[in-house]
1. Scanning region 79-110 for residues that are under 22 Å from GLU35 (Cβ atoms) and among the charged types (D, E, K, R), which turns out farthest from the chain's Cα centre (by Cα)?
2. Quick one: count up the residues across region 1-43 that are assigned to a strand (DSSP E or B) and over 23 Å from GLY70 (Cβ atoms).
3. For region 3-47, which positions are at pLDDT 95 or above, out of contact with any helix residue (DSSP H, G or I) (no Cβ under 9 Å at 6 or more places or on another chain) and β-branched (Val, Ile, Thr)?
4. List, please: which pairs have Cβ atoms under 8 Å, are six or more places apart or on different chains, and start with a residue in region 70-95 that is outside any strand (DSSP E or B) and end with one that is of a type in the set (A, V, I, L, M)?
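The values are calculated or read from the model by the stated rules, or taken from the named source; none is laboratory data. If you're wondering where the values come from, they're calculated on a predicted model, not measured in any experiment. Positions of Cβ are generated from backbone atoms using ideal geometry, with glycine treated the same way; all protein chains shown enter the neighbour counts.
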Amino acid sequence: MVNKVILIGRLGADPEVRYTPDGTMVVNFRIATDETYKNKQGEKISKTEWHRIVVFGRLAEICGNYLGKGRLVFIEGKLQTRTWDDKDGNKRSTTEILASNMQMLESKGQGRSQETVTDEPVPAYGMGDPLPDDDVPF
């Protein structure tokens, strides 16, 4: 079985940085992906989908330090659903992407960056190949 998500989108706000009780950094942010198509009447329709991203550890530190609202990023990870009881005792749940890899696709004032960050053992932080322009979904 496979649980893999790959997204390219823009951050909707600056990342939120928190820490677990044992001191591990956790960063949460949302990215928007866009889809444009023509309906039966030939009208151009744009649809935006929002995705919740969760990042832990070293990758979280990098995301917290370098990402900001509007930044274009490539995210790779897996889907996870969490459930909890809120303060009123109601069951709540959310589905989010637990990121294992992040690539910043553009630098401020400089077109595209080639920085890749991953939580996988090799490499922990290194350079990656840029994505071809024709793979960007919007």
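1. My answer is GLU106.
2. Our first condition is that a residue be assigned to a strand (DSSP E or B); within region 1-43, this holds for 5-11, 16-19, 25-38.
Next, only the ones that are over 23 Å from GLY70 (Cβ atoms) stay: 19, 37-38.
Number satisfying all stated conditions: 3.
3. Listed by number, the residues that qualify are VAL5, ILE6, ILE31, THR33.
4. Listed by first residue and then by second, the contacts come to GLY70/LEU11; ARG71/LEU11; ARG71/MET104.
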